[in-house]
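Student: Let me begin by handing over the structure; questions about it come next.
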Amino acid sequence: MSPIATAWTWLRTVLQDHQPELRLCVRVTVSAVLTLVLGQLLNVPLVLWSVLTAVIVTQTSVGRSLKTTIDYFVGTLGGAIYAGAVSALIPHSGEFALLGVLAIAVAPLVVLAAKNSSFNVAPFTAVIVVLAPTITHSTPIESAFYRLIEVALGAVTGLIVSLTVFPARAHTLAIEAAARMLDQVAQALQDMFAGFTGTLDTTSILPIQERIGEAIARLDVIYAEVKRERMTQVANEPDPGPLVRTLLRLRHDLVIVGRAAVVPLPQALQPRLGPPLGRLVVAASNFLQNCAAALIARGAPPSLDAADSAFDDYAAEIAAIRREGLTRALSVDALEHLFTLGFALEQLHQHFRDLKRWMTEWARPPKVAHRERTG
């Protein structure tokens, strides 16, 4: 392969692997440049603040851009009104008077921002309103008014760009995050269930649980953005709330499995329970991985028949062991771990059914899904 072909292949791979970052780069750049052009056309006094606002409100998803825009404008409005009133009512022609006015304008807004994150930008706005007149030679009221105009221009421009230039819907990000979590849960099942045959290092359970916990935390953040999009009718997709809650229950199932997996199955029962448990893990992992692929493709959920059969086979083997009285010789600790595993598997099976049901609502007709993937 020629150097040019190699370089082109490398570049194409980089572009494919970093599409979200590159799209955000384009959106932020367009927001900044477009805001600067509009600010110059409208003769905005300090167009710098408009450009900074546009860059700040242009976020990774439409939902996050909506929240940032609302918070930024609310904080600016509150800070501008309060600081403008303080500057107008308290004379501050001297240096020490200016320091006093700045302190009076900033201090209460810092307390307010600490109590309500929507006002995080209010102290910053107060500083600009109080000090900008020393640069632009305007009155405090004019300074507050111009600050609102500057922020409004940047916020509106950034929001419009977020909605029109490579728009990243939080709903799509939620699908991708849910699919990644399903893949992680599938791998975690394989890793944890190795503990029941004594091949798992118990110290490795905590990192597995932490990774799943971080995945569900990221999904919760994205889901909050989805709810904002739905409230503003930006997204008309199915509510991912039931799916997120089902994934949270799967995470809880893994916690129970992890507690039971620290102790291997009794040696006397491993020949009987090991094979059906192994088949169950394979079927469950395959189902979760196929669910992840179906979510990305927005296709119909995979069949649960293999997993159903594997869960039933394990339950039948446990029932046979009890009928034969093999559990009577087990210690209390061994019985506790065996029953904990049984409870976890029952919950896992039920949550698999819930997962399939919710995924059915997300599936789209084959032609629509194919057109979206190729469009």
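Student: Mind checking whether some residue in region 2-19 is more than 30 Å from the chain's Cα centre (by Cα), closer than 26 Å to L109 by Cα, modelled with pLDDT under 85 and not in a helix (DSSP H, G or I)? Talk me through it step by step, then tell me what you get.
Tutor: To start, the set of residues in region 2-19 that are more than 30 Å from the chain's Cα centre (by Cα) comprises 2-9.
Keeping just the survivors that are closer than 26 Å to L109 by Cα gives none.
Checking region 2-19: not a single residue is more than 30 Å from the chain's Cα centre (by Cα), closer than 26 Å to L109 by Cα, modelled with pLDDT under 85 and not in a helix (DSSP H, G or I).
Student: Right, next: May I ask you to say which residue of L273, L265 is surrounded by 16 or more Cβ atoms within 10 Å (Cβ to Cβ), among the aliphatic types (A, V, I, L, M), part of a helix (DSSP H, G or I) and touching a helix residue (DSSP H, G or I) at 6+ places or on another chain (Cβ under 7 Å)? I'd like the intermediate steps shown before the answer.
Tutor: Numbers: L265 fails: part of a helix (DSSP H, G or I).
Matching residue, one of L273, L265: L273.
Student: Of the residues that sit in region 312-338 and are of a type outside the set (D, E) and over 13 Å from L273 (Cβ atoms), which one is surrounded by the most Cβ atoms within 10 Å (Cβ to Cβ)?
Tutor: Going residue by residue through region 312-338, those that are of a type outside the set (D, E) are 314-316, 318-323, 325-332, 334-335, 337-338.
Filter once more, so that each one left must be over 13 Å from L273 (Cβ atoms): 323, 325, 328-329, 331-332, 335.
Working: R323: 9, G325: 8, R328: 8, A329: 9, S331: 9, V332: 7, L335: 13.
Looking at the filtered set, the residue picked out is L335.
Student: Only residues that are of a type in the set (A, V, I, L, M) and surrounded by fewer than 24 Cβ atoms within 10 Å (Cβ to Cβ): list them for region 129-154, please. Steps first, please.
Tutor: At the first step, the residues of region 129-154 found to be of a type in the set (A, V, I, L, M) are 129-132, 135, 141, 144, 148-149, 151-153.
L131, A132, I135, I141, L148, I149, A152, L153, listed by residue number.
Student: Would you pick out the residues in region 347-365 that are aromatic (F, W, Y) and either surrounded by fewer than 17 Cβ atoms within 10 Å (Cβ to Cβ) or modelled with pLDDT under 80 (or both)? Please lay out each step first, then the result.
Tutor: First pass over region 347-365, keeping only residues aromatic (F, W, Y): 352, 358, 362.
Passing the criteria: only W362.
Student: Can you name the condition, by its number, that V74 falls short on among (1) over 30 Å from R169 (Cα atoms); (2) surrounded by fewer than 19 Cβ atoms within 10 Å (Cβ to Cβ)?
Tutor: Tallying (1) over 30 Å from R169 (Cα atoms); (2) surrounded by fewer than 19 Cβ atoms within 10 Å (Cβ to Cβ), V74 fails exactly one: (1).
Student: Now for a separate question. When residues of region 279-307 are filtered for being part of a helix (DSSP H, G or I), open to solvent by 20 Å² or more (accessible area, probe 1.4 Å), over 15 Å from Q187 (Cβ atoms) and in contact (Cβ under 8 Å) with a residue 12 or more places away in the chain, how many remain?
Tutor: Summing the residues that are part of a helix (DSSP H, G or I), open to solvent by 20 Å² or more (accessible area, probe 1.4 Å), over 15 Å from Q187 (Cβ atoms) and in contact (Cβ under 8 Å) with a residue 12 or more places away in the chain in region 279-307 gives 4.
Student: Restrict the check to region 162-170 and report whether at least one residue is assigned to a helix (DSSP H, G or I), farther than 30 Å from A297 by Cα and open to solvent by 50 Å² or more (accessible area, probe 1.4 Å).
Tutor: Start the filter on region 162-170 by keeping residues that are assigned to a helix (DSSP H, G or I), which leaves 162-164, 170.
Now narrow it down to the ones that are farther than 30 Å from A297 by Cα: none.
No, region 162-170 contains no residue that is assigned to a helix (DSSP H, G or I), farther than 30 Å from A297 by Cα and open to solvent by 50 Å² or more (accessible area, probe 1.4 Å).
Student: For region 84-141, which residues satisfy the criterion of being outside any helix (DSSP H, G or I) and modelled with pLDDT under 85? First the steps, then the outcome.
Tutor: Of region 84-141, the ones outside any helix (DSSP H, G or I) are 90-94, 116, 120-121, 132, 137-139.
Residues satisfying the conditions are P91, H92, S93, G94, A132, H137, S138, T139.
Student: Is it the case that region 230-247 has a residue that's over 22 Å from A170 (Cα atoms), part of a helix (DSSP H, G or I) and either under 20 Å from the mean Cα position of the chain (by Cα) or of a type in the set (F, W, Y) (or both)?
Tutor: Restricting attention to region 230-247, the residues satisfying the condition of being over 22 Å from A170 (Cα atoms) are none.
No, that holds for no residue.
Student: Test of understanding: among I56, I81, which residue is open to solvent by 60 Å² or more (accessible area, probe 1.4 Å) and over 34 Å from the mean Cα position of the chain (by Cα)? Before you say what the answer is, go through the steps one by one.
Tutor: Working: I56 fails: over 34 Å from the mean Cα position of the chain (by Cα).
Going through I56, I81 in turn, just one is open to solvent by 60 Å² or more (accessible area, probe 1.4 Å) and over 34 Å from the mean Cα position of the chain (by Cα): I81.
Student: Residues that are more than 21 Å from the chain's Cα centre (by Cα), assigned to a helix (DSSP H, G or I), within 17 Å of A344 (Cβ to Cβ) and at pLDDT 80 or above: does region 205-223 have at least one? Step through it out loud before you land on a result.
Tutor: Narrowing region 205-223 to residues more than 21 Å from the chain's Cα centre (by Cα): 205-206.
Among the residues that remain, those that are also assigned to a helix (DSSP H, G or I) are: 205-206.
Still in the list and also within 17 Å of A344 (Cβ to Cβ): 205.
Within this subset, residues satisfying the condition of being at pLDDT 80 or above are 205.
Yes, that holds for at least one residue.
The values are calculated or read from the model by the stated rules, or taken from the named source; none is laboratory data. The structure presented is a predicted model; accordingly, all values stated were derived computationally and were not measured. Reconstructed Cβ throughout: ideal geometry from the backbone, glycine too, with neighbour counts over all protein chains shown. Only protein heavy atoms, including side chains, enter the accessible area calculation; ligands, DNA and RNA are left aside. Shrake-Rupley method; radii C 1.70, N 1.55, O 1.52, S 1.80 Å.
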